[in-house]
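The values are calculated or read from the model by the stated rules, or taken from the named source; none is laboratory data. Here the structure is a predicted model, which means the values were calculated and not measured. Ideal geometry is used to build each Cβ from the backbone, glycine not excepted, and the neighbour counts take in all protein chains shown. Accessible surface areas use protein heavy atoms only, side chains included; no ligands, DNA or RNA. Shrake-Rupley method; radii C 1.70, N 1.55, O 1.52, S 1.80 Å.
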Amino acid sequence: MDKINFLFENHTVDATVQRVSDHIIRIAFANIIPKESILLSGFNIINEHNGNNMSDDYYHKYNTLYLKIDEKTVMLSNNGSVYVSPEDTGTDDNLIIEPHIPTLAEAKQSKITELSSICNMSIITGIDLVIDDKTEHFSYTNEDQINIKELFDLVLQTNTPMYYHADGESCKLYTAEQIISLYTTAATNKMHHTTYLNQLKMYIETLEDTDTVNGITYGQELTGIYLNTYNDAIAQANLSLEALLEK
């Protein structure tokens, strides 16, 4: 479940956001739907550990109520469109405007966009490390990746402790081993997600019906050649890290 922050009143709630099409998303709230002035103000998906915005301004334009499904679930659009039931369409009683049914290609693109967003969030959310018997969390945004890699490179050259900080914490001195563990764990986590997404996308491209495409979820198990390729890639990445550390 995501933590989303609406622009109006800085209102934060727990909800699951799912992309339905290029212009429509579905939001299932953990509790009741916020009042309309909040719901239709646009929102960000935020990192629950440090409050950072993980979605840029992508969801700011989802400010139209497309359809209320139940007391906890709505669909929003980013182009002003609203759901129109067949009974309310046109002036001809015999005219029925069917809702748009995505083509197979559209369903694949929509699903890949959805999975790519989840993958990116899974990477930048970061990792937990146990440091001196205490669990600390480290985000892995683009800026964090640069900072942690620079620390890692310095440690490899000097083998000395370095200052850094966990999310929400002050800077403190970490041992060379802890810095190395931080970088390798975060980098391996990124490799896992990017490789997994790549193979899941390859699998999606082979599918031949939209129902199967729409049923794909991030985290489902890879099988066959896709699992083999994933395992080979992760094994090679681990070998490369080990070779780097041995130097």
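Which value, in Å², gives the accessible area per residue of the chain when a 1.4 Å probe is used on the protein heavy atoms?
That works out to 58 Å² for each residue.
Between region 138-194 and region 1-78, the alpha-carbon centres lie 32 Å apart.
Pairs over the 29 Å Cα-Cα cut-off, from the set Lys68/Lys108; Lys72/Lys201; Lys111/Lys149: Lys72/Lys201; Lys111/Lys149. Close amide-amide hydrogen proximity is noted between Gly42 and Leu7, each under 5 Å apart and 5 or more residues distant or on a separate chain (H modeled in the peptide plane; Pro and chain starts excluded).
Rolling a 1.4 Å probe over the protein heavy atoms of region 26-76, with every protein chain left in place, gives an accessible area that is 46 percent carbon and sulfur. Once backbone amide H atoms are built at 1.01 Å from N, Tyr174 has Met162, Tyr163, Tyr164 as its partners under 5 Å, excluding neighbours fewer than 5 places away on the same chain. Modelled this way, with points 7 Å down the Cα-to-C-beta line, the labels at Asn228 and Val82 are 5.5 nm from one another.
Residue separation of Tyr58 and Asn159 scaled by 0.36 nm, minus their Cα-Cα distance, works out to 32.2 nm of gained length. Here the simple spin-label model places points 7 Å from the Cα toward Cβ, and for Ile38 and Thr212 these points are separated by 4.2 nm. Can you list the aspartates and glutamates whose alpha carbon is less than 20 Å from that of Lys35, not counting same-chain residues fewer than 8 positions off? Within the straight-line cut-off, Lys35 pairs with Asp2, Glu9, Asp14, Asp70, Glu71. Between Ile112, Ile46, Ile146, the Gaussian network model of the chain with springs among Cα atoms under 10 angstrom shows the greatest mean-square fluctuation at Ile146.
Candidate cross-link partners of Lys172 among the aspartates and glutamates, defined by an alpha-carbon separation under 13 Å and a same-chain spacing of 8 or more, comprise Asp132, Glu136. Sorting the segments 135-144, 120-129, 206-215 by their mean number of nearby beta carbons within 10 angstrom, highest to lowest, gives 120-129, 135-144, 206-215.
The H on the amide N of Asn50, modeled in the peptide plane, is under 5 Å from the matching H of no residue at least 5 residues off or on a different chain. For the chain, the Kirkwood hydrodynamic radius comes to 20.9 Å, computed from all pairs of different C-alpha atoms. Note that region 28-40 has calculated 3J(HN,Hα) couplings of 10, 7, 5, 10, 6, 5, x, 4, 4, 4, 7, 4, 9 Hz, one per residue in order, obtained from phi through the Karplus relation 6.51 cos²θ - 1.76 cosθ + 1.60 (θ = phi - 60°); glycine and proline are x. Placing a label point 7 Å from the Cα of Thr188 along the Cα-to-Cβ line, the residues of region 111-129 whose backbone N sits under 14 Å from it are 127-129. Once the chain from Gln109 to Ala237 is taken as fully extended at 0.36 nm per residue, the excess over their C-alpha distance is 43.2 nm.
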